[in-house]
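Contents: one structure, followed by commentary.
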Amino acid sequence: MATHAWKRSSFCGGGGNNCLEVAIKDGGDGIAIRNSTRPAQVIKTSRSAFTALITELRANTANDPEG
């Protein structure tokens, strides 16, 4: 994953080093996720699983009264 471009969450703010980072693997069929404080620990998943996760998180945020 070191050769891939990591993108940081827009919620990272201020360029800090406590951010969620995501990279799309070659071919676009896989996603890698890491925490910027532990860049060596990478979670790899499929694009469809990542999309399902984001969809669920958005749905839960929309239904959260404190959200």
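The figures follow:
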| item | result |
| --- | --- |
| Accessible area (Å², 1.4 Å probe, nearest 10) - Thr61 | 80 Å² |
| Phi to ³J(HN,Hα) by Karplus 6.51 cos²θ - 1.76 cosθ + 1.60 over the range 51-56, Hz, x for Gly, Pro | 4, 4, 4, 4, 4, 5 |
| For the range 19-67, average projected area of the Cα convex hull in nm² | 4.0 nm² |
| Average accessible area per residue (Å²) across the range 25-67 - probe 1.4 Å, nucleic acids and ligands excluded | 77 Å² |
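The values are calculated or read from the model by the stated rules, or taken from the named source; none is laboratory data. This is a predicted model, so every value here is computed, not measured. Surface areas here come from the heavy atoms of the whole protein model, side chains and all, with no ligands, DNA or RNA. Shrake-Rupley method; radii C 1.70, N 1.55, O 1.52, S 1.80 Å.
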